[in-house]
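See structure below.
Where a number appears in this text, it was derived from the coordinates with a stated rule and is not lab data. None of the values given here were measured: they were computed from a predicted structure. Here the Cβ positions follow ideal geometry from the backbone for every residue, glycine too, while neighbour counts run over all protein chains shown.
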Amino acid sequence: MAVAARKGRTTAFPHASITTTAWPGFLDSWLSRIPLPKWALIAVAVAVAILLLLFLICIVRCCCGKKKPKKKERINLCGVSNSTTASLVQPEMEDLERGVEQMRRGKLQYSLEYNFRTQELKVGVKQAVDLKAMDSGGTSDPYVIIYLTSDVKKRYETKVYRKTLNPVFNESFTFQVPQAEVPESTLVMQIYDFNRFAKHDIIGEVRLPLASVNLQHVIEQWSELAVASKVEQEHLGEICFSLRYVPSTGKLTVLILEAKKLKRMDSHGLSDPFVKVHLILNRKKWKKKKTSVKKNTLSPYFNEAFVFEVPFNQIQNVDVVISVWDHDKVTKNEPIGKLLLGCRATGNQLRHWSDMLSNPRRPLAQWHILQPPDVVDKALGLKSHLKLSLASR
């Protein structure tokens with residue numbers, strides 16, 4: 001029985017071994033049918049495994065990875081062909097011609113004649129050609145405004161010509177200009193497009209400094225219209241005066257010396273100027289004095305001194321207003337220009353005042369450009385309807 005048992009175990013063992021080695025035997029039999037060496041089959045298997053792994057990685061990155069913002073692309077002209085580079089930096093001739101056409105505003109023909117005996121400048125506005133179209137229909141309604149920079153308020157206008165880019169004006173205008181002021185004046189001729197329901201658009205302008213023109217002969221010429229510059233501030237004139245302050249005595253001396261290039265206020269091209277000096281304490285009018293009137297001149301010489309008593313403890317609270325006026329017997333006197341001096345002043349006026357305080361007992365003279373009266377009045381901010389009863393010391 002023992003022998004039989006051993007035989008039974010011996011016969012059972014082979015059946016167990018066949019059961020455990022059935023799959024490898026099948027794989028070996030399947031691989032043996034492929035006509036490739038074993039090393040080639042291993043290489044193919046490794047390659048397929050790598051491809052599957054890469055495929056899985058790509059799927060994970062596409063589904064789970066966050067999209068990063070793209071950086072701005074940079075164009076490197078070195079990597080672009082020569083023809084393309086030229087097209088990027090150099091416009092075509094058609095584009096250049098189109099740009100020139102947009103810049104063109106037309107031409108204006110005019111004439112100038114100066115009468116040295118009567119000191120009159122006669123300006124003739126002849127015609128304009130090839131004006132820039134300002135209306136939607138491809139035309140304009142042009143007219144011309146003429147003035148001198150020495151007196152911007154005195155302006156002349158031509159008639160309006162409807163729906164044309166080549167108007168013929170043939171109009172003349174006369175300015176009263178003293179011979180001494182001719183080199184300092186500039187003739188401005190501006191062409192506008194008339195619009196009944198909106199602001200008039202400026203087409204272009206011609207600026208002609210009279211110093212560059214020989215007015216010994218009659219001049220007739222064409223000029224290209226340029227882009228209109230900003231409206232210049234009206235020149236009101238200049239004034240020279242000195243300031244002197246003595247802290248020990250509290251005396252402030254204002255010496256009005258002279259003025260020049262004053263604005264013309266009278267119809268005959270001159271003015272009758274005089275100067276007022278106001279002292280203002282704590283934004284309230286305090287004291288005032290004025291010079292004599294100089295008849296028919298734009299460059300008066302005064303040389304008149306005014307002394308004010310201002311205590312040293314009040315000098316920081318005092319403003320000095322120097323104003324130039326045009327005297328008129330019939331109507332009200334008109335201000336030409338003003339200046340504000342004191343600790344609240346700015347620019348050259350503040351510097352002049354500071355120099356006076358830094359150099360006691362020493363008179364300091366300086367030229368100043370007159371400012372518009374309304375600008376100075378606004379800066380003063382005077383308290384109205386209040387009077388200050390402060391006795392002079």
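Descriptive notes on the structure:
- Gyration tensor verdict on region 155-290 (Cα atoms; rounded if a/c is under 1.5, prolate if a/b is larger than b/c, oblate otherwise): prolate
- Efficiency of FRET from Cβ geometry, residue 249 and residue 184, R₀ 30 Å, rounded to 0.05: 0.10
- Backbone amide hydrogens, once placed in the peptide plane, bring residue 362 within less than 5 Å of 245, excluding anything fewer than 5 places away on its chain.
- For region 237-380, alpha-carbon Rg over 2.2 N^0.38 Å: 1.02
- Cα-Cα over 25 Å, subset of 122/199; 261/284; 289/378; 284/329; 159/261; 154/284: 122/199; 261/284; 284/329; 159/261; 154/284
- All other residues whose Cβ lies under 11 angstrom from that of residue 362 are scored, Lys and Arg at +1 and Asp and Glu at -1, for a net of +1.
- When each of the peptides 188-194, 244-250 is scored by how many other beta carbons lie within 10 Å of its residues on average, the order from highest to lowest is 188-194, 244-250.
- Each residue, residue 314 and residue 195, gets one label point 7 Å from its Cα in the Cβ direction; the gap between the two is 5.6 nm.
- 3J(HN,Hα) from dihedral phi, region 137-146, Karplus parametrisation 6.51/-1.76/1.60, rounded to Hz, x for glycine, proline: x, x, 10, 9, 10, x, 8, 10, 10, 10
- With θ taken as phi - 60° and the Karplus curve 6.51 cos²θ - 1.76 cosθ + 1.60 applied, the whole-hertz 3J(HN,Hα) list for region 162-172 is 7, 6, 8, 10, 9, x, 10, 8, 6, 10, 10 Hz, x standing for glycine and proline.
- Förster radius 25 Å - calculated FRET efficiency between residue 328 and residue 299 (Cβ-Cβ, nearest 0.05): 0.85
- Rh (Kirkwood; distinct C-alpha pairs) - region 105-224, Å: 14.8
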